[in-house]
Structure formats: structure tokens, C-alpha cells
1. Summarise the long-distance tail of P(r) for the protein assembly as shown by giving the % of C-alpha pairs beyond 37 Å.
2. Tell me, which longest segment in chain B has none of the trypsin sites (Lys or Arg not before Pro) that fall in DSSP loops with at most 10 further Cβ atoms within 10 Å?
3. Just tell me which lysines come within less than 22 Å, Cα to Cα, of B:K128; anything on the same chain fewer than 8 places away is out.
4. Report, please, the projected area of segment B:5-181 averaged over directions, based on the convex hull of its C-alpha atoms, in nm².
5. Pick out, in residue order, every one of the GluC sites (Glu not before Pro) in segment A:1-74 that is DSSP loop and has at most 16 other C-beta atoms within 10 Å; say none if there are none.
6. If I model a spin label as a point 7 Å beyond the Cα along the Cα-Cβ vector, how far apart are those points for A:I125 and A:Q51 in nm?
7. So if we plug the beta-carbon distance of B:N170 and A:R20 into 1/(1 + (r/R0)^6) with R0 = 45 Å, what FRET efficiency do we get, rounded to 0.05?
8. In deg cm²/dmol, rounded to 500, what helix-only [θ] at 222 nm does chain A give when every DSSP H run of at least 4 residues adds -39500 (n - 2.57) and the total is split over its residues?
Amino acid sequence: MEPIIIEGTPKTPSIKFDAREGVFEIKGRSIPENSVEFYKPLNEWLDQYMQVPLDKTVVNIRLEYFNTSSSKCILDVFKRLESIHRSKHDVEINWFYEEDDEDMLEAGEDYDSIIKVPFKMIEIIE
Amino acid sequence: MSFDLENLVSDLDIRGAILYYKGNVESDTITRALDLVERKLLATREAPRLRKKVYNVLVESLQNLYHHSDRVPRGYHAARPDRFGLVVMEKIGSGYRVTTCNFVSGVRVKELEEKLTRINRSTPEEIKELYKDILNHQEITEKGLGGLGLLDIARKTGHRIDFRFKKYDNLNTAFRLTAVVAPL
């Protein structure tokens, strides 16, 4: 499976999903007006990966900002990861948040309470 | 004198505002407004936590205008009839106030009023649970998720959302929404 790599813009995050390493990263800002359009190829890619996932998948989420329409699309990404986890494959989600950014920490905790995948909250100290 | 959306913000300090815009709210408009405000906030050396809250509230406020403004009433002067709105962002004391105005179809007023009243009567914990419930159970449309933007604003500010309606004619109502972000 070819990796999916997307450069970040002021409104959309950089994406690096690599099926050979089993490491996926979403980084930057996710505040587009039409989040569905942006996340559609990612979720389609994950639908393929779900067929033959690696034994371990690590997901790093390093978001500075995200809007409410992205929040649902990110949940859709996590639901696919949950499905991989349910099929007895290791999945680990690392949720990074900047020092003192309690809103971002809370957002990670929201997902942690909805999705049954091990979440790690990682504070970035500057 | 004929009605203008500006009439709804006559009590605000528009001249001293960090951001003032009236016109069509397109994706590029939002990008430019956010860029301008971010540069101004960085220049003030505001605490990162407050800066991020303000930025987030502004994103949701502007995107509310983008997704949920109804067409302007027939006869109202606007370059284009859709996605027309007004935004004012002011520094007030040690916090920030973000106000948006737009037209809504008269038939949406009751629903919007009930939604905002319910949010304002809810505790922070209830708002959090409602947010998670909508996030987990509602389908997203191209306009986003029903009311999640307003809940997010309420969550981020921790204050009640001030709102008011001004009937324009039998079919259209002008709507003003104000959120205050205060330092914690």
C-alpha cells in the first residue's frame, strides 16, 4: 500500500500515513470549512489498511487547533482504528498537547472516553 | 433610516476593534481574518492559553457565519445575497469579545433561540456531555454537526452566550451572537 502524504496548509494538517511502518501522523491545524472533503481520502485509505493491518499501529496526533467539523472527521479516523484494535491488532494513539493547553487535553480525553483504543496524553513542554 | 446589520452593533467599539468586517464570508475571507487576528494576538504577547481560546472561538464564529447565514432579505444591500455577515472582535479588559451578526430565516428563529437557551442553562459538565453525544451520534453534513460549533464556543468561553434577534420583515430576522473569552 502506498503511503498517503499531504503537506500542511494554514487550514489543513500535514498527513503522513505509512502502512509499511504502521505509523500515522496528523499534525498542525485542522480548521477547513469543508472537513469531510479533506478527510475523505484518509478514511478511504484506512478502509484499505484495515483489511491487512500490521501487528502494531501507532498514531500520533499533534494538532494545534481543530474546528468542530474536523472533530467528527477525526472521530471517524479513530473509529476505524478502533475496528483494527477489535480485530486483535495493537493500536496506540498518542495525543500530543502543548503545555497549559487544557482545551486540547480535554479534547483528547473526550475521544479517549468514546473510543476503546489505548490513548496516551503527551504534554509537549516548550 | 433603513436597517443595516451595523445597527445591531451600535453599542460596540467598532473603531477600536481588533477585527471588523462586514460583507460576504467566503473561505478566503476567513483565512485572511484569522491570519490578521493571529498576528495581532502574537504581537500583544498574550498568554498562549488565552490566545488559543480566542482563536478557536473566532474560528467557530466565522465558520458559523459561513455555514449558517441565510440569504439576505430581498431589497437589502449586499454584494451577494448568500453568506453575508458581520464580525467584530474587541479587546475588553483583559479578555476578548467576539460578535457576529447575520440574517436567519424567520422560521429558524425559534429553534435557534431554544438551542442557545438550552446551552446557557446547562452546566459545564452538561455541555461537555452534550458535545460528546452529538460528536459520537450525529452524522456530519457539509454544514458541520448540528449545534456543535455553539457548544464548542460555550465550552471554550465558560460563559453564557449572549444573543439577540431583530425582526427585519415577515420572513427574515437579523441575529447577533456574542461570546466573551476571559483569562482564567
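Just so it is clear, none of the values below were taken in a lab; they were calculated from the coordinates. Only a predicted model underlies this, so the values are computations on that prediction, with no experimental measurement involved. In this analysis, Cβ positions are derived from the backbone assuming ideal geometry, glycine residues included, and neighbour counts consider all displayed protein chains.
1. 18
2. For trypsin sites (Lys or Arg not before Pro) (loop position, at most 10 other Cβ atoms within 10 Å), the longest site-free span of chain B is B:75-184.
3. Cross-link targets: A:K72, A:K79, A:K116, A:K120, B:K52, B:K53, B:K115, B:K143, B:K156.
4. Directional mean of the projected Cα hull area for segment B:5-181 stands at 10.4 nm².
5. Within segment A:1-74, the qualifying GluC sites (Glu not before Pro) (loop, at most 16 other Cβ atoms within 10 Å) are A:E7, A:E21.
6. Output for this residue pair reads 4.6 nm.
7. 0.10
8. About -12500 deg cm²/dmol.
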